[in-house]
Amino acid sequence: MTAARTETSQDSQTVSAVVTAAAQAAAALVPATATLVPGVPVSDPDRVPLPPDAACAVTAGLSGEVSGDVVLVISADVVDALKNSPVGQLDVAAALRPALEAAAATLGRVRIASERVEEPVAALDGLRDKGMFVAVPLLADGEHQATFALQVTLPATRSQRGSLDLLRHVAMEVTVEIGRTRMTVQELLSLHPGEVVELDRAASAPADLLVNGTLIARGEVVVVDEDFGLRISEIVTDAAAELGAASS
């Protein structure tokens with residue numbers, strides 16, 4: 001019994017450390033007047049700390065090597081800053097997507113999707129009873145400014161091949177991504193025709209193949225009859241392998 005409790009405690013500490021690292025990555029990209037740093041993680045959904053002026057929350061799903069949900073609660077100051085930006089009113093979910101993506105990147109090959117704005121308490125309630133849960137307050141000069149929460153869903157039993165057979169004729173959006181970058185509003189305002197925007201990927205690196213926003217494979221960009229194409233070099237997820245088996 002003692003050994004089991006020790007193992008559970010170690011697992012909890014490991015999860016807390018991983019989520020704290022994800023929260024720190026997100027905090028670096030949350031627009032705030034001072035640098036945000038992670039506080040003490042909380043694993044009880046009923047005791048999640050919220051900033052005093054919590055205005056809204058951005059929720060997104062996680063897919064890839066880790067599945068689950070992520071929530072970022074922000075203050076009214078951040079919301080006001082996004083509404084009154086130099087380039088006009090910014091969508092809160094879109095503006096905070098880079099912060100969520102940075103957090104997901106610390107978890108491995110993980111992507112976010114379906115980000116949306118919700119009321120803070122309702123967003124956190126949506127994480128209850130789904131899996132492992134950890135919330136981390138984000139502090140600026142000791143003041144609570146935001147809250148980062150992550151719920152990891154336990155692996156589900158693989159669906160039977162018959163269920164995939166039902167989907168073989170369903171059309172899905174397929175996207176090829178060669179890279180991304182992040183720019184400040186000042187850098188965006190200074191763009192002009194002819195300027196080159198550098199992406200976060202080497203020219204020799206493979207491109208990503210996304211199906212409905214989920215990373216499925218990687219490959220080499222080629223030209224086919226004057227159109228771009230992708231020569232697959234790597235299958236990334238089990239879902240892609242199952243889809244391939246179902247279509248064979």
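What's the number of the only condition in (1) surrounded by fewer than 19 Cβ atoms within 10 Å (Cβ to Cβ); (2) over 29 Å from VAL236 (Cα atoms) that MET132 fails to meet?
All conditions are met except number (2).
Does segment 69-86 hold any residues that are crowded, with 21+ Cβ neighbours inside 10 Å and of a type in the set (Gly, Ala, Ser), and which are they?
The one that is crowded, with 21+ Cβ neighbours inside 10 Å and of a type in the set (Gly, Ala, Ser): SER75.
Taking the condition of being surrounded by 17 or more Cβ atoms within 10 Å (Cβ to Cβ), under 19 Å from ARG109 (Cα atoms) and at pLDDT 85 or above, how many residues in segment 219-248 meet it?
Adding up the residues that qualify gives 1.
Quick one: count up the residues across segment 10-64 that are touching a strand residue (DSSP E or B) at 6+ places or on another chain (Cβ under 8 Å), at pLDDT below 90 and hydroxyl-bearing (Ser, Thr, Tyr).
The total comes to 6.
Suppose we filter segment 33-69 for residues that are part of a strand (DSSP E or B), at negative phi and in contact with a Lys or Arg (Cβ under 8 Å, 6 or more places away or on another chain); how many remain?
Final tally of qualifying residues: 6.
Which of (1) modelled with pLDDT under 85; (2) in contact with a Leu (Cβ under 9 Å, 6 or more places away or on another chain); (3) among the aliphatic types (A, V, I, L, M) is the odd one out, the single condition LEU166 does not satisfy?
Going through (1) modelled with pLDDT under 85; (2) in contact with a Leu (Cβ under 9 Å, 6 or more places away or on another chain); (3) among the aliphatic types (A, V, I, L, M) one by one, LEU166 breaks only (2).
Looking at segment 87-106, which of the residues that are among the aliphatic types (A, V, I, L, M) and closer than 18 Å to ALA55 by Cβ is surrounded by the fewest Cβ atoms within 10 Å (Cβ to Cβ)?
Restricting to residues being among the aliphatic types (A, V, I, L, M) and closer than 18 Å to ALA55 by Cβ, the top hit is ALA94.
Could you list, ordered by first residue, the pairs with Cβ atoms under 6 Å in which the first is in segment 67-82 and in the same structural domain as GLY108 (by TED's automatic domain parsing) and the second is of a type in the set (S, T, N, Q) and surrounded by fewer than 21 Cβ atoms within 10 Å (Cβ to Cβ), at least 6 apart or interchain?
SER67/THR153; GLY68/THR153
Any idea which residue in segment 205-218 is surrounded by the fewest Cβ atoms within 10 Å (Cβ to Cβ), counting only those that are part of a loop (DSSP other than H, G, I, E, B) and modelled with pLDDT of 85 or more?
Here the answer is ALA205.
Name the residue, out of LEU100, LEU107, that is in the same structural domain as VAL40 (by TED's automatic domain parsing), in contact with a helix residue (DSSP H, G or I) (Cβ under 7 Å, 6 or more places away or on another chain) and in a loop (DSSP other than H, G, I, E, B).
Exactly one of LEU100, LEU107 is in the same structural domain as VAL40 (by TED's automatic domain parsing), in contact with a helix residue (DSSP H, G or I) (Cβ under 7 Å, 6 or more places away or on another chain) and in a loop (DSSP other than H, G, I, E, B), namely LEU107.
The values are calculated or read from the model by the stated rules, or taken from the named source; none is laboratory data. Keep in mind that what you see is a predicted model, and the values were worked out from it rather than measured. Using ideal geometry, Cβ is built from the backbone for each residue, glycine included, and neighbour counts are taken over all protein chains shown.
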